[in-house]
1. Check Glu183, Glu155, Glu170 and return the single one that is crowded, with 24+ Cβ neighbours inside 10 Å, acidic (Asp, Glu) and farther than 15 Å from Ile284 by Cβ.
2. Do the conditions hold for Leu290, that is, is it of a type outside the set (D, E, K, R) and buried (at least 22 other Cβ atoms within 10 Å of the Cβ)?
3. Given the conditions (1) farther than 18 Å from Asp274 by Cβ; (2) within 15 Å of the chain's Cα centre (by Cα), which single one is not true for Thr189?
4. Give just the number: which of (1) over 27 Å from Ile150 (Cα atoms); (2) modelled with pLDDT under 95; (3) polar (S, T, N, Q) does Thr320 not satisfy?
5. Would you check if Ile227 is closer than 17 Å to Val176 by Cα and of a type in the set (A, V, I, L, M)?
6. If you scan the stretch 221-262, which residues turn out to be closer than 21 Å to Gly194 by Cα and aromatic (Phe, Trp, Tyr)?
7. Among the residues of the stretch 186-203, which ones are surrounded by 15 or more Cβ atoms within 10 Å (Cβ to Cβ) and more than 16 Å from Ala152 (Cα to Cα)?
8. Anything in the stretch 307-356 that is in contact (Cβ under 8 Å) with a residue 40 or more places away in the chain, in contact with a Leu (Cβ under 6 Å, 6 or more places away or on another chain) and hydroxyl-bearing (Ser, Thr, Tyr)? List them, or say none.
Amino acid sequence: MRYDHIIGTGGIGSGIVFSLKGDHTLGRNESRLATLEPYNDYCKLHIIMHYVSVLLGASPSGRFRAFPIGGVGSDDAGNKLFAQMKQAGMSMGSVRKNSHCNTLYSVCYQYPDYSGGNITTENSASSKVTPDAIDDFFENFGTGESDGIILAVPEVPVETRIQLLRQGMERGYLNVASVLSSEVAEFKTSGGLGLTDLLAVNIDEARSIANIDDESSNSDIIINRSIEILYGSNPGIMVLITDGVKGSYCFQDGKLEYNSILPAEVKSTAGAGDAFLAGTITGICCGLPLQKGESINSITETQLMSAVDLGTLLASLSVTSSDTIHPELDASFLLNYAQSKGLTLSDEFKIVFRQC
């Protein structure tokens with residue numbers, strides 16, 4: 001293991017998913033019919049840390065440990081999520097149950113082409129996770145090691161995520177962060193870009209970073225401009241940008257690399273971006289290089305060899321499930337999926353599956 005533990009903060013919650021009728025963008029004053037889907041929806045911190053924990057065999061006393069810092073309500077949803085995260089091997093000592101707030105809840109909507117968004121409660125237990133919770137963790141549960149990964153993702157306040165990134169930088173951790181479009185300005189002014197080693201965003205969030213208001217702007221323009229701004233703020237930053245079915249982009253050491261998606265039978269794209277980040281983090285923990293070394297128009301053209309390749313593989317598998325966390329996922333299941341797609345694995349990539 002290059003890194004043997006991960007400490008993360010972000011949203012922990014559940015929700016519902018609507019499949020919208022009609023392909024046009026939902027209007028400001030529009031009422032729209034939709035199908036309520038029987039899907040299980042989860043929030044960012046839970047999704048990412050679940051996949052990392054399951055793939056790396058996390059346990060409180062194991063050789064890989066996962067420490068979420070967050071909050072849930074003292075309600076049925078919160079109790080259920082707490083139990084699920086514990087079962088996945090996470091150390092739950094810093095997930096607090098709040099009797100004054102409900103557990104985070106999200107309403108997701110999907111268009112017929114599987115694109116979409118969500119509306120998430122602002123006044124939830126996750127919104128009450130303060131910077132003090134971060135400091136308390138390091139005071140009471142500090143690992144005393146420098147080989148960990150920090151994960152700071154949305155649905156808790158920006159100031160709380162900034163404090164986690166500060167703590168990570170002080171300890172020499174690899175700081176991983178993501179930011180919503182509506183949070184970009186606050187994240188920038190709070191110094192978040194300078195504290196981040198690896199920033200993961202989608203194309204809409206990249207547009208906000210690039211200060212481009214025109215939604216019809218070409219993806220290449222958005223990506224190049226956003227990376228120019230990010231690099232100007234932090235010359236050492238690495239960047240992941242997902243662009244839906246168009247694929248993803250990875251920037252490191254001045255080099256921008258394109259990665260195609262791995263086609264799959266799609267049931268839901270909700271959570272695919274989080275699965276992509278989780279797979280990439282897992283690959284980094286296993287010592288895989290972030291980039292492949294060249295842009296590839298099809299992932300099947302070459303061997304899987306990079307952390308981003310693992311992220312692409314996991315994202316492809318995730319969309320075959322209606323739930324935002326694939327209920328059957330483990331390392332063996334992911335390996336079988338790769339083999340079913342006819343993919344070849346480099347010797348270094350096979351390390352991820354050495355116990356399968």
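The values are calculated or read from the model by the stated rules, or taken from the named source; none is laboratory data. Given the structure is predicted, the values throughout are model-derived calculations rather than measurements. We place every Cβ from the backbone using ideal geometry, glycine too, and count neighbours over all the protein chains shown.
1. On the way: Glu183 fails: crowded, with 24+ Cβ neighbours inside 10 Å; Glu170 fails: crowded, with 24+ Cβ neighbours inside 10 Å.
The unique qualifying residue is Glu155.
2. No.
3. Among (1) farther than 18 Å from Asp274 by Cβ; (2) within 15 Å of the chain's Cα centre (by Cα), the lone unmet condition for Thr189 is (2).
4. Looking at each condition in turn, Thr320 falls short on (2).
5. So Ile227 fits the description; yes.
6. Once the filter is applied, which keeps residues that are closer than 21 Å to Gly194 by Cα and aromatic (Phe, Trp, Tyr), the stretch 221-262 yields Tyr231, Tyr249, Phe251.
7. The answer is Ile203, and nothing else.
8. If the condition is that a residue be in contact (Cβ under 8 Å) with a residue 40 or more places away in the chain, in contact with a Leu (Cβ under 6 Å, 6 or more places away or on another chain) and hydroxyl-bearing (Ser, Thr, Tyr), then Thr312, Ser316 are the ones that fit.
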